[in-house]
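Colleague: After the structure tokens below, expect a handful of questions from me.
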Amino acid sequence: MRIAAALVASLFGFSLSPVWATEVTSFELNNGMEVVVVENRRAPVVVHMVWYKVGAADEPPGKSGIAHFLEHLMFKGTDELASGELSETVNRNGGSDNAFTAQDYTGYFQRIASDRLELVMQMEASRMDGLRLVPEDIGTERDVVIEERNQRVENDPGALFNEQMRAAQYLNHPYSIPIIGWKHEAHSLTLEDANAFYEAHYGPNNAVLVVAGDADPEEVRLLAEKHYGVIPPNPNVVERDRVDEPPQLAERRLSYSDPRIGNDYVVRSYLAPERDADAQEEAAALTLLAEVLGGSPTTSVLARKLQFETQSSVYAGAWYSGQSLDDTTFGLVNVPVPGTSLEDAEAALDKAVTEFLEEGVDADKLERIKTQIRASEIYALDNISGLANRYGSGLTSGLTVEDIQAWPDVLQAVTEEDILAAARRVFDRRQAVTGFVRTAEEVTQ
């Protein structure tokens, strides 16, 4: 399994095609399960995905990593399936399957020939309310998760630092906790923990079914009613009610060193608003701000000022991950040339941002960015997995189908004034974490 914890936003997940938008059908089953069908008949293949509106940020205190741990355990036995049978059956029929966990959702998917859609739907429905875990599942899979953390985090100094950054960024919100969980808590997860989390959050009334590709909406409706519609709503499911982040009044600063770091760098993240239902304009402005400032390694503002004009940086960039149920972050990074102190690198980064706010957005470059986004959407139509992800991640992050379809037009409507106004609101050092990352510890006198 993989963890869906993107550190930077990708514009290639958006769509601009009105033709594509008319090929989307959505409805709800009587038990509360949302269904979205995205038609794309270019190949006899479908992607079948079930997304649950629960992720790492919904875990009980002291049980970090349980959402991801349960994701692993969902491939064990059910009332109808033996342990591992689902994946083996998909593979035997020429398909592939996997799953992922993020802060706001957990997803399971199969990519397979369209005439096998009912087969995977029947198996996926089996584990929606029929998961049957046994004690021997726990120790083995817990070791797998811990080894995954060792490989992805413990052996990656950048990942370790990113954990510290997120923990400092959020004073109260559970986004501060890593998706894979803190290692000391992962060691203590039990069968009872997994069953309790499953029983509290898994069920049709907390799920979104997305079928993309060579699929007829009416056929999907009949199959969904047959296999998912018979599952009763889970009475334990309640609406998510997370703690609020209090006002952030003081900048936080981190100093981190590890001999495995390849280059020293300075990074800063700001608390930033997310995409909200029926109010995506601010997120759209921040999305384009990230592109203008640091989206291109050659033509963006930070690249031009720091890499080419002053030649003080090896790399400088910006990112924004707007699809989030709650407040997200906007980030800046500067990797200076060897021999440049991180203090000077931070000053150069601040100077470049200040100059940008004074000079404004180059109109031609902004139009070029919008054109590139538009072009990327045309290519994205060939990727049915991307189309399915667009709807599943959006719907489980608080958006509606209408929001997802409107997003391309919202992006195209962003003006220079919108971008600069959003930048001035977000670039508040009281809501920022600044990190110095070094290959060796700083020597202090």
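The values are calculated or read from the model by the stated rules, or taken from the named source; none is laboratory data. Just so you know, these numbers come straight off a predicted model, no measurement behind them. A quick note on method: Cβ atoms are made from the backbone with ideal geometry, for glycine too, and the neighbour counts reach across all protein chains shown. Surface areas here come from the heavy atoms of the whole protein model, side chains and all, with no ligands, DNA or RNA. Shrake-Rupley method; radii C 1.70, N 1.55, O 1.52, S 1.80 Å.
Colleague: Could you point to the label whose value was computed as Cα extents along the principal axes in Å for the structure here, given (i) 65, 51, 39; (ii) 63, 62, 38; (iii) 70, 42, 39?
Modeller: Here Cα extents along the principal axes in Å agrees with entry (i).
Colleague: Using only the alpha-carbon atoms, what does the range 269-402 span along each of its principal axes? Please give whole angstrom values in decreasing order.
Modeller: Principal-axis extents of the Cα atoms in the range 269-402, largest first: 49, 30, 27 Å.
Colleague: Using θ = phi - 60° and the Karplus curve 6.51 cos²θ - 1.76 cosθ + 1.60, what whole-Hz ³J(HN,Hα) does each residue of the range 396-411 get, with Gly and Pro shown as x?
Modeller: 8, 10, x, 8, 10, 4, 5, 4, 5, 6, 7, 3, x, 5, 4, 4
Colleague: Which of Asp79, Asp137, Asp276 ends up with the largest GNM mean-square fluctuation for the chain, with Cα atoms connected below 10 Å?
Modeller: Checking each option, the largest mean-square fluctuation is seen for Asp79.
Colleague: Quick one: compute the contact order of the range 63-136, relative version, from alpha carbon pairs under 8 angstrom and 6+ residues apart, as a percent. Working shown, then result.
Modeller: Details: 80 pairs, mean separation 26.9, N = 74.
Normalised by residue count, the contact order of the range 63-136 is 36 percent.
Colleague: Related question: Taking the Cα centre of the chain as the origin and placing charges on Cβ (Lys, Arg +1; Asp, Glu -1), which of Gly203, Leu131, Gly229 is farthest toward the positive end of the dipole?
Modeller: Leu131
Colleague: Per residue of the chain, what 222 nm ellipticity follows from adding -39500 (n - 2.57) for every DSSP H run with n ≥ 4, rounded to the nearest 500?
Modeller: It comes out at -12000 deg cm²/dmol, rounded to the nearest 500.
Colleague: Report, for the chain, the % of DSSP beta bridges that are antiparallel, rounded to 5.
Modeller: Looking only at bridges with both residues in the chain, the antiparallel portion is about 75 percent.
Colleague: Which of Phe100, Asn162, Leu81 sits closest to the plus end of the dipole of the range 51-189, meaning its Cα is farthest towards the positive end, when Lys and Arg get +1 and Asp and Glu get -1 on the C-beta?
Modeller: Positive-end residue among those listed: Asn162.
Colleague: Also, quick follow-up: Given H placed on each backbone N at 1.01 Å, which residues far from Ala272 in sequence or on other chains put an amide H within less than 5 Å of it?
Modeller: When sequence neighbours closer than 5 places are left aside, the close amide H contacts are Thr328, Thr329, Phe330.
Colleague: When a/c reaches 1.5 or more, the comparison of a/b and b/c decides; with that in mind, is the range 211-291 rounded, prolate or oblate per its Cα gyration tensor?
Modeller: prolate
Colleague: When we measure straight from the Cα of Lys305, which lysines land under 17 angstrom away, once same-chain ones fewer than 8 places off are left out?
Modeller: Within the straight-line limit of under 17 Å, Lys305 reaches these lysines: Lys351, Lys365.
Colleague: As a test question: what accessible area, to the nearest 10 Å², does Val292 have when a 1.4 Å probe is rolled over all protein chains in place?
Modeller: The accessible area of Val292 comes to roughly 10 Å².
Colleague: Looking at the square roots a ≥ b ≥ c of the eigenvalues of the Cα gyration tensor of the range 298-374, which shape do they give, rounded for a/c under 1.5, prolate if a/b is larger than b/c, or oblate?
Modeller: In terms of gyration-tensor shape, oblate.
Colleague: Now, a different point. What residues qualify as long-range amide H neighbours of Val45, i.e. H under 5 Å apart, gap of 5 or more or another chain, H built at 1.01 Å from N?
Modeller: When sequence neighbours closer than 5 places are left aside, the close amide H contacts are Ser114, Asp214.
Colleague: Suppose every Lys and Arg Cβ carries +1 and every Asp and Glu Cβ carries -1, with no other charges. What dipole size does the range 294-445 come out with about its Cα centre, to the nearest 20 debye?
Modeller: Working: 13 positive and 24 negative charges, 52 e Å.
Dipole magnitude for the range 294-445 comes out near 240 debye.
Colleague: Also, I was wondering about something else. Could you tell me the distance between the Cα centroids of the range 410-429 and the range 74-89, to the nearest Å?
Modeller: Going from one Cα centre to the other spans 48 Å.
Colleague: Additional query: Considering only the other residues whose Cβ falls under 10 Å of the Cβ of Asp216, what net charge follows from Lys and Arg at +1 and Asp and Glu at -1? It would help to have the intermediate numbers written out before the result.
Modeller: On the way: positive: Arg41, Arg221; negative: Glu39, Asp214, Glu218, Glu219.
Here the count lands on -2.
Colleague: A follow-up question, please. Can you pull out the GluC sites (Glu not before Pro) in the range 349-445 whose DSSP state is coil and whose Cβ has at most 13 other Cβ atoms within 10 Å?
Modeller: Loop-located and lightly packed - Glu441, Glu442.
Colleague: Also, quick follow-up: Where does each of Glu124, Glu239 land when they are ordered by accessible area, with a 1.4 Å probe and the largest first?
Modeller: Glu239, Glu124
Colleague: Hey, got a sec? Which chymotrypsin sites (Phe, Trp or Tyr not before Pro) in the range 184-223 land in a DSSP loop and have at most 13 other Cβ atoms within 10 Å?
Modeller: Values: sites: Phe197, Tyr198, Tyr202; in loops: Tyr202.
In loop regions of the range 184-223 (DSSP not H, G, I, E or B), there are no sparsely surrounded chymotrypsin sites (Phe, Trp or Tyr not before Pro).
Colleague: Follow-up question, since we're still on this one. Modelled label-to-label distance, Glu218 and Glu147, 7 Å Cα→beta-carbon offset: nm?
Modeller: If labels sit at Glu218 and Glu147, their model points lie 5.0 nm apart.
Colleague: Now, a different point. Within the set of other residues whose C-beta is less than 10 Å from the C-beta of Tyr198, count the net charge using Lys and Arg as +1 and Asp and Glu as -1.
Modeller: -2
Colleague: What ³J(HN,Hα) values, in whole Hz, does the Karplus curve 6.51 cos²θ - 1.76 cosθ + 1.60 give for the range 127-134 when θ = phi - 60°, with x put for Gly and Pro?
Modeller: 8, 5, 9, x, 5, 10, 8, 10
Colleague: How high is the relative contact order of the chain, in percent, counting Cα pairs under 8 Å that sit 6 or more residues apart?
Modeller: Dividing the mean separation by the residue count of the chain yields 24 percent.
Colleague: So, with +1 on the Cβ of K and R and -1 on the Cβ of D and E, and no other charges, what is the size of the charge dipole of the range 42-137 about its Cα centre, to the nearest 20 debye? Walk me through the numbers before you get to the answer.
Modeller: Details: 9 positive and 15 negative charges, 59 e Å.
The calculation lands at about 280 debye.
Colleague: So how far, in whole Å, is the C-alpha centre of the range 226-284 from the one of the range 306-338?
Modeller: Centre-to-centre distance over Cα atoms comes out at 18 Å.
Colleague: Now, a different point. Suppose all protein chains stay in the model; what accessible area per residue would a 1.4 Å probe give for the chain, in Å²? Before the final figure, lay out each step's value.
Modeller: Values: 19180 Å² over 445 residues.
Heavy-atom accessible area per residue stands at 43 Å².
Colleague: With the cut-off at 1.5 for a/c, could you classify the range 74-187 from its C-alpha gyration tensor as rounded, prolate or oblate?
Modeller: Details: a/c = 2.29, a/b = 1.94, b/c = 1.18.
Prolate, because a/c is 1.5 or more and a/b exceeds b/c.
Colleague: Using the alpha-carbon atoms, what tilt in degrees (0 to 90, nearest 10) does helix 281-294 show relative to the longest principal axis of the chain?
Modeller: 60 degrees
Colleague: Residue by residue, what Karplus-based ³J(HN,Hα) values in Hz, rounded to whole numbers, does the range 248-265 have, using 6.51, -1.76 and 1.60 with θ = phi - 60° and x for Gly and Pro?
Modeller: 9, 10, 8, 5, 10, 10, 10, 10, 10, 9, 7, x, 7, 5, x, 9, 5, 7
Colleague: Just the number, please: carbon plus sulfur as a percent of the accessible area of the chain, 1.4 Å probe, no ligands or DNA/RNA counted.
Modeller: On the way: 9710 of 19180 Å².
So the carbon and sulfur contribution to the accessible surface is 51 percent.
Colleague: Within 10 Å of each candidate Cβ there may be at most 12 other Cβ atoms; applying that plus a DSSP loop requirement, which trypsin sites (Lys or Arg not before Pro) in the range 358-442 survive?
Modeller: none
Colleague: Same structure again: Express the relative contact order of the range 285-402 as a whole percentage, based on alpha carbon pairs under 8 Å and six or more residues apart in sequence.
Modeller: 20 percent
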